[in-house]
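What follows is a short report on a single structure.
The values are calculated or read from the model by the stated rules, or taken from the named source; none is laboratory data. Just so it is clear, the model here is predicted, and its values are computed rather than measured. When we count neighbours, we look across all protein chains shown, and the Cβ atoms used for this are built from the backbone with ideal geometry, even at glycine. Heavy atoms of the whole protein, side chains included, go into the accessibility calculation; ligands, DNA and RNA do not. Shrake-Rupley method; radii C 1.70, N 1.55, O 1.52, S 1.80 Å.
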Amino acid sequence: MNISSGRDDYKFLQIVDARAALGQKVNLIGVVIETGLPKQSKGTDCFCSIRIIDESYPSPGIAVNFFAETMDKLPEVLTVGDIIQISQVVMKTHGPDIYALFNKKFSSFAIFDGKNDSNFLPYQCSSKYHAREQDKKFILGLMKWLVDHKIDTGLTDLHSLKEIREGERFNLICKIVHVCEVEKNKWMLLVWDGMDTPPVTIKTKLEEDMENPLPLQPVDFTLQRDILCTLPPLGTVLRVTVDRSNEKLGINFLKSNRWVKLINIRCELHAALWHAVLMPFTRVCYLSDEDDIVLQRMSQYDERRKSKWGWMPLSCFPWSSDITETDYPNVPFVSLMRALANPKVIGKFHCVVRVVAAFPWLAEDFRSPSGVYRIRLTLEDPTARIHAYLYKEDAEQFFDGYPSVYTLTKKRNLLLGTSEGDDGSEMNDHFRNPPWIRCCLKSYHIDDSDSWGSRNFRIFATTMKA
């Protein structure tokens, strides 16, 4: 059925009829349910794909493939449910799939807010788009249809960060909290959903931390403090990079501070830290802050954040291990990210962490020749990984004085989750699963002229009971 506007060259087809018009130029108006990531095509053009529906074809919709000279000339849909008007697109087939092809030479588009029925001005349009008064009734008609039609965005097959698995592809509802350039023309997303990624088995040997220490982040890029302080203090902030085979993906065109659905991303581990990869076939949908799934995630986060014990890692519930105790058991816990983003250099924090590495690793080297403890531990929780020192009297309290090397070795093995042989020595051919422990941390600086740059953390007021 045609939705006629009075002129043949501006006649809109419903999607069900456009699918039968193969090889012809058609005009469409539909609701956006999905957008692909923009990328460089194999030629000189830039490319992206979106999927639209209308009343005649509400599922699964039809793909519209766009080509343009530059990324900024591609459509940038702000939210699932927005309306797009497309003129002079050619209906094509690829295998069993039917799609519409936008040609930069003669096609045009305009995108409208799908929820604002008082504003019919597009928030983005191509250079060849010409607004017409009669278009308003078609836009308004789709808006009215949307009131009673719930968009099927495939939200039933979604995961949270607490459910990710290494090497698997998954769909994720998350918030893009930052987009950063890690090197020239290479970008990284920071995404978050209020949940924790699961703890990882440490597969490195203890002695490897001497020559090849565990990195503090999965990607060789350190966030500036002004960015770090804007990140959520609770729940994992996941680094998302681009697959090396598809580095021309326009990741920098994604919007910060927006909730999205990322479809078909791959989860990987690097140095026992989670990160995700955008694949060539990854797709994205911008979501509204009012979508049910977004409201649900934020409600869960707010409830967790307000709870005294909600700042503990989710995987350690109902409680952390009892191998340590602190002098301040009633002080609420905070995350390592909260400690890192503390507005003052000097601070004290009560945390639940895992000890994933120690330097030096041999118990007989924990003390200097003069008998002073000096150990660097690598601590992590779902929000961050840091170095923290055990030094002098704080280490004396931690280890309950000066036990034998044999006893120190057993304490170290317990702390680092290392399996022991019959003689009490470590078995480094086994994987390590460090327990969650409670500890007190204090931050300080060692250079008055560079207080933030010389900031360190140190464990204090903590004792191993085992």
Accessible area, probe 1.4 Å, largest first, for residues K92, K144:
K144, K92
For helix 405-416, what angle does its Cα long axis make with the longest principal axis of the chain, in degrees from 0 to 90 and rounded to 10?
20
Quick one: Karplus J couplings for segment 74-83, per residue in order, coefficients 6.51, -1.76, 1.60, θ = phi - 60°, nearest Hz, x for Gly and Pro?
7, x, 10, 7, 7, 8, 4, x, 6, 10
Point-charge dipole on Cβ atoms (K/R +1, D/E -1) for segment 341-466, about Cα centre, debye to 20
480
Among K11/K175; K184/K255; K42/K136; K11/K92; K162/K308; K42/K261, which pairs are too far apart, with a Cα-Cα distance over 28 Å?
K11/K175; K42/K136
Per-residue [θ]222 nm for the chain (sum of -39500 (n - 2.57) over DSSP H runs n ≥ 4, rounded to 500)
-4000 deg cm²/dmol
How high is the FRET efficiency from T201 to Q134, r the C-beta distance, R0 60 Å, rounded to 0.05?
0.40
Average Cα contact separation per residue, the chain, under 8 Å, 6 or more apart, as relative contact order %:
12
Out of residues 5 or more away from T197 or on other chains, whose amide H comes under 5 Å of its own, with H placed 1.01 Å from N in the peptide plane?
T236
In terms of the charge dipole of segment 52-202, which places +1 on Lys and Arg and -1 on Asp and Glu at the beta carbon, the residue among H159, G114, A131 farthest towards the positive end is A131
Could the peptides 40-52, 290-302 be put in order, highest first, of the mean number of other beta-carbon atoms found within 10 Å of their residues?
40-52, 290-302
Towards the positive end of the charge dipole of the chain, with charges on Cβ (+1 Lys, Arg; -1 Asp, Glu), say which of A18, L214, F366 has the farthest Cα.
A18
Cα to Cα, under 17 Å, and not fewer than 8 places away if on the same chain: which aspartates and glutamates meet these conditions relative to K150?
E34, D54, E55, D82, D113, D289, E290, D291, D292
When the dipole is taken about the Cα centre of segment 279-354, and only Lys, Arg (+1) and Asp, Glu (-1) are charged at their Cβ, what size is it in debye, to the nearest 20?
300
Using packing as a proxy for protection, rank 127-135, 281-289 so that the peptide with the highest average count of other Cβ atoms within 10 Å comes first.
281-289, 127-135
What does the highest-first list of 218-224, 110-116 look like by mean Cβ count within 10 Å?
110-116, 218-224
Identify which of the listed values of Kirkwood radius over Cα pairs in Å was calculated from the structure shown: (i) 22.7; (ii) 25.2; (iii) 22.2.
(ii)
Among Q85, S307, A466, whose Cα sits farthest toward the positive end of the charge dipole of the chain (+1 at Cβ of Lys/Arg, -1 at Cβ of Asp/Glu, about the Cα centre)?
Q85
Table column - 3J(HN,Hα) (Hz), segment 127-143, Karplus curve with 6.51, -1.76, 1.60, x for Gly and Pro
5, 8, 6, 10, 6, 10, 4, 6, 5, 4, 5, 6, 5, 5, x, 5, 4
Computed for the chain: size of charge dipole around the Cα centre, +1 on C-beta of each Lys and Arg, -1 on C-beta of each Asp and Glu, debye to nearest 20, value 980
